[in-house]
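Please treat every number below as a calculation from the coordinates, not as lab data. Computed from a prediction, not measured in an experiment: that's the story for all the values here. Glycine also receives a Cβ, built like all others from the backbone with ideal geometry; neighbour counts cover every protein chain displayed.
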Amino acid sequence: MIEYWHNPRCSKSRAGLALLQESGAQVETRKYLEDSPSAEELRSVLERLGVNAIDIMRSGEARFKELGLTKITDDDTLISAMAENPILIERPLAIAGDKAAIGRPPENLLTLV
């Protein structure tokens, strides 16, 4: 089962979901803007991805600048900001077991199938 952090209004998110479904994967969608992940969940995803918090952030979002965040802000601050402002989380993001993938480009998600 793949947990898919989905924003239905995002074309990349819709494309990634379609790609996973076409590949035959079992997908459970989570509308993360409505059901935002906790800081602990975000830490778990970062560990699975093997990246820093900034690597899964939408730094171009107005909210990023409004919060005074930068690309050198520490991970704990960035994680807290994403938990409180899920619009800052890069999408789509998928989790399967001990692995995760960011769907930019959507084909990256196929590593979980």
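Key figures for this structure:
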item	result
Cα point-scatterer Debye curve for the chain, base-10 log of I(q)/I(0) at q = 0.14, 0.16, 0.21 Å⁻¹	-0.51, -0.67, -1.13
Residue-span extension gain [C10 to R104] - 0.36 nm each, minus C-alpha spacing	32.6 nm
Among A83, N52, A62 - extreme Cα towards positive end, dipole of the stretch 39-89, charges at beta-carbon	A62
Cα centre as origin, Lys/Arg/Asp/Glu Cβ charges: the chain dipole, Debye	480 debye
The chain: angle of helix 75-84 to the longest principal axis, Cα-based, in degrees nearest 10	70 degrees
For the chain, calculated [θ]222 nm from helices alone, where every DSSP H run of n ≥ 4 adds -39500 (n - 2.57)	-9500 deg cm²/dmol
Reach of K12 by Cα under 12 Å, taken over aspartates and glutamates that are not fewer than 8 positions away in the same chain	E90, E107
Length released on extending from I54 to V113, taking residue separation times 0.36 nm less the Cα-Cα span	18.7 nm
